[in-house]
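What follows is a set of notes on a single structure, which appears directly below.
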Amino acid sequence: MITASPLPAQQPRTWQRLWREAITDPHELLDLLDLGHLSGSLLPDGDTGFPLRVPRGFAARMRRGDARDPLLLQVLPQAAELTSVPGFVADAVGDMPARVAGGVLQKYAGRALLIATGSCAVNCRYCFRRHFPYAEETAAAQHWREAIECIRADASIDEVILSGGDPLSLSTAKLAELTDALATIAHVRRLRIHTRLPIVLPERVDDEFVHWLRALPWPVAVVLHANHANEIDDGVAHACARLRAASAILLNQSVLLRGINDDADVLARLSERLFECGVTPYYLHQLDAVDGAAHFAVDDARARELIEALRKRLSGYLIPRLVREIAGAPAKTPL
Ligand SMILES: *Cc1c(COP(=O)(O)O)cnc(C)c1O
Ligand code: SF4
């Protein structure tokens, strides 16, 4: 008798697999968006030194046939990046002088920021990460040892911020290794996670992650990073719901980006969409003056005008704080 062999098990779409399947070829991305015929004019001639990287699920939220799509413009290498502009430099926010231990930055009272990893699921063109020497500077590199000892030695640190890169690039097991060690430090009272992964690859918020989050011994704030309402589809809304169900407070920071969200309607819609997902707008950052990103800059007068326009139409709690990071300042600087 011949027994039917079982069907091959469906490979689960784990976040790690989706991560690996990200688009890294600009031509492929443009073809998917029916923009292949424009590749000659859209793509830079030279090497920008910062490759394209975008998860397929995020690319699927881009409008086909629209070379000005606000999600596409955040990830597509452009010729303008090759033009250096005075004042736009590699270390725009003074990260290197703020280093207090391997992978630990301290700029503000009470808060230590861990550069948990240099990896991200997406490469955002406007990001300072394009220049940061991550290979040497991640806190995970030697099992967090130096970072943990630095935090343990400074009782004024009551909040630890996991940042990067994107800390959720690390496996949940690796994150647990860190939080187990932090839990032995009595003066740590709050944990904050700065991440764009629930936006660009919401599958990252899987069962294992939610279990870890729920079991943490501190109140947790998760600061997401979305710049446009089109980034927030049903998958992202679901990930936010799971994070909230695990008792995390959800905030969002955006970067004000010319041609992407420098418009009162776009910013209002973003705030409304975030709130629908249980996320409170936190910061709207003026662009860091990063070499290769000058074409995204919006001037301060226009930025203030946009916030004034939001004030006239939205509830106060839907208005993000407009700030700039100034190297050496004791806090983010309100504009
Ligand atoms: C932005 C930042 C923080 C957090 O600042 P908040 O105003 O508390 O959000 C902490 N540490 C560093 C190094 C930062 O760059
Ligand atoms: S650190 Fe944030 S803004 Fe920068 S590339 Fe990674 S996800 Fe994008």
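Here are some notes:
- Spin-label model distance (nm) - residue 67 vs residue 184, 7 Å beyond Cα toward Cβ: 5.8
- Its Cα centre serving as origin, region 15-82 has a Cβ charge dipole (Lys and Arg +1, Asp and Glu -1) of approximately 400 debye.
- Placing a label point 7 Å from the Cα of residue 153 along the Cα-to-Cβ direction, the residues of region 77-107 whose backbone N falls under 17 Å of that point are 98-107.
- Entry comment: accessible area of region 15-82 is 47 Å² per residue, from protein heavy atoms only and a probe of 1.4 Å.
- Extension gain for residue 305-residue 90 works out to 74.5 nm (0.36 nm per residue, less the C-alpha to C-alpha distance).
- Working note: Debye formula, equal point scatterers on the alpha-carbon atoms of region 96-334, no solvent; log10 I(q)/I(0) at q = 0.14, 0.17 Å⁻¹ is -0.94, -1.38.
- The alpha carbon gyration tensor of region 15-82 gives principal lengths a ≥ b ≥ c with a/c of 1.5 or higher and a/b no greater than b/c, which makes the shape oblate.
- For residue 107, a cut-off of 20 angstrom between C-alpha atoms picks up these aspartates and glutamates, skipping any fewer than 8 places away in its own chain: 91, 95, 136, 137, 146, 149, 154, 158, 159, 166, 288, 325.
- Tensor-based shape of region 10-147 (alpha-carbon gyration tensor, a/c under 1.5 rounded, otherwise prolate or oblate): oblate
- Helix-only CD estimate at 222 nm, as mean residue ellipticity for the chain, using -39500 (n - 2.57) per DSSP H run (n ≥ 4): -7500 deg cm²/dmol
- Charging the Cβ of each Asp and Glu at -1 and of each Lys and Arg at +1, and nothing else, the dipole of the chain about its Cα centre rounds to 840 debye.
- Segment residue 276-residue 17, extension gain: residue separation times 0.36 nm, minus the distance between their alpha carbons: 90.3 nm
- Largest first, the residues 212, 19 sort by 1.4 Å accessible area into 19, 212.
- Cysteines not pairable in the chain (beta carbon separation under 4.7 Å absent): 120, 150
- Shape call, region 191-312: gyration tensor on alpha carbons, a/c limit 1.5: prolate
- Surface calculation, 1.4 Å probe, protein heavy atoms: residue 146 sits at approximately 80 Å² accessible.
The values are calculated or read from the model by the stated rules, or taken from the named source; none is laboratory data. Just so it is clear, the structure is predicted and the values come from calculations on it, not from any experiment. Note that we place each Cβ from the backbone using ideal geometry, even for glycine, and neighbour counts take in every protein chain shown. Calculation scope for accessible area: heavy atoms of the full protein, side chains included, ligands and nucleic acids excluded. Shrake-Rupley method; radii C 1.70, N 1.55, O 1.52, S 1.80 Å.
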